[in-house]
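Colleague: Right, I'll just put the structure down here and ask away after.
FYI, it's all coordinate maths here, none of it is from the lab. Computed from a predicted model, the values in this text were never measured in an experiment. Counting neighbours? That spans all protein chains shown, and the Cβs are built from the backbone with ideal geometry, glycine included.
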Amino acid sequence: MKQFISFVIKEARHILRDKRTMLILFGMPVVLMLLFGFAITTDVKNVRTVVVAANNDYQSQQAIDRLAQSEYFVITRTVGSPHEAERLIRSQQADMAVVFDERHRGIQLIVDGSDPNMAQQWTAYARQTMAPPQSSSLSPVTSHLLYNPQMRSAYNFVPAIMGMLLMLICAMMTSISIVREKERGTMEVLLVSPVRPLMVIIAKAVPYLLLAFAILVTILLMARFVLGVPLAGSLFWIVIVSVIYILLALSLGLLISNVAQTQLVALLLSAMVLLMPVVMLSGMLFPVESMPDVLQWISAVVPPRYYIDAMRKLMIMGVGIGDVAREVAVLSGMTVLLLAIALKKFNVRLE
């Protein structure tokens, strides 16, 4: 046991001495959290709005006032015809036009649809903002947004960033670390030591497990105190599910290191096997339900999909562990399977 601990300490010191590795391990999470939290955002803000109203009546003026007082819209101009409003949108001087139809006493929204997702959000926000508190002819339609009443994109991105970073860092850095030993020829020296070969491999993964836990703590602190994302659920279960996911990522890194013979190959395999599926098929950016059936089937074997779903439920919705039992069961099963395959391949190669 003392020899095993000595190997763990040796690998930890090796990682801590490598400034580039430490920069990647802790710099990447901070940069991505800030980018996705503040720069890359789908929040509705400062939508340039043109009002089309020939003769403003009392109700129309009230709707305009509600729109102007909103933090989401900026009334830039009032014009006399929809044609003129459309011209302003085409020339990129406005994002949306609000047309008050006096004949039918209705409201028409003309929106720049070059970005369909943002256009839908602008339309939804405008309708909600201009909806009258009461009407003599129709009952007002109201909506209540659960869990994220301000519709902040950080609520969606933070669990996704956690899934992406923990997978990439744990799997990629573990695989590169082991392959580096093979490239330098020091792996053979380690394997002839008194410690069993598999214990050597596990000892190399332990420091990355501890570093991944430190990265998890960093992400959670930034999410709560920098981005203002709540931790509505149990912190204990958030950590437990994250540890299962980290073990899964480390197992995948061990498996990649079995296949790769050079650090470049390990890096490319990690990028192809992990980066693209995580970004495209995990639900990080695009809803899985909106994908074609074939891609939905493929996404079923992408581990971050289940972790991101679990984190959104635990962190944002504040549910109990029973409501994420399916995701936890899938992640646990994948961890056991990948770890068994990786260790078996190491045994075969060493024998």
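Colleague: With unit charges on the beta carbons (Lys and Arg positive, Asp and Glu negative) and the dipole taken about the Cα centre of segment 260-340, which residue among Ala340, Val330, Ile308 sits farthest to the positive side?
Modeller: Ala340
Colleague: Tell me which lysines have Cα within less than 23 Å of Lys182's Cα, excluding those fewer than 8 residues away on the same chain?
Modeller: Lys10, Lys19, Lys204, Lys344, Lys345
Colleague: Let me ask something else. For segment 29-35, take each phi angle, set θ = phi - 60°, evaluate the Karplus expression 6.51 cos²θ - 1.76 cosθ + 1.60, and give the result in whole Hz per residue in order, putting x for glycine and proline.
Modeller: x, 5, 5, 5, 4, 5, 5
Colleague: Show me, for segment 244-253, the HN-Hα J-couplings you get by feeding each phi into the Karplus relation (A = 6.51, B = -1.76, C = 1.60, θ = phi - 60°), rounded to Hz, glycine and proline as x.
Modeller: 4, 5, 5, 4, 4, 5, 5, 4, 5, x
Colleague: From the square roots a ≥ b ≥ c of the eigenvalues of the alpha-carbon gyration tensor of segment 162-311, which class results: rounded (a/c under 1.5), prolate (a/b over b/c), or oblate?
Modeller: oblate
Colleague: Contact order normalised by length for segment 265-345, with contacts defined as Cα pairs under 8 Å and 6 or more residues apart; what percent is it?
Modeller: Relative CO of segment 265-345 lands at 22 percent.
Colleague: Taking H placed 1.01 Å from N in the peptide plane, check which residues at least 5 places from Ile107 or on another chain put their amide H under 5 Å from its amide H.
Modeller: Asp101
Colleague: What dipole magnitude, in Debye to the nearest 20, does segment 264-351 give about its Cα centre under +1 on Lys/Arg Cβ and -1 on Asp/Glu Cβ? List each step's numbers first, then the result.
Modeller: Numbers: 7 positive and 6 negative charges, 54 e Å.
That gives a dipole near 260 debye.
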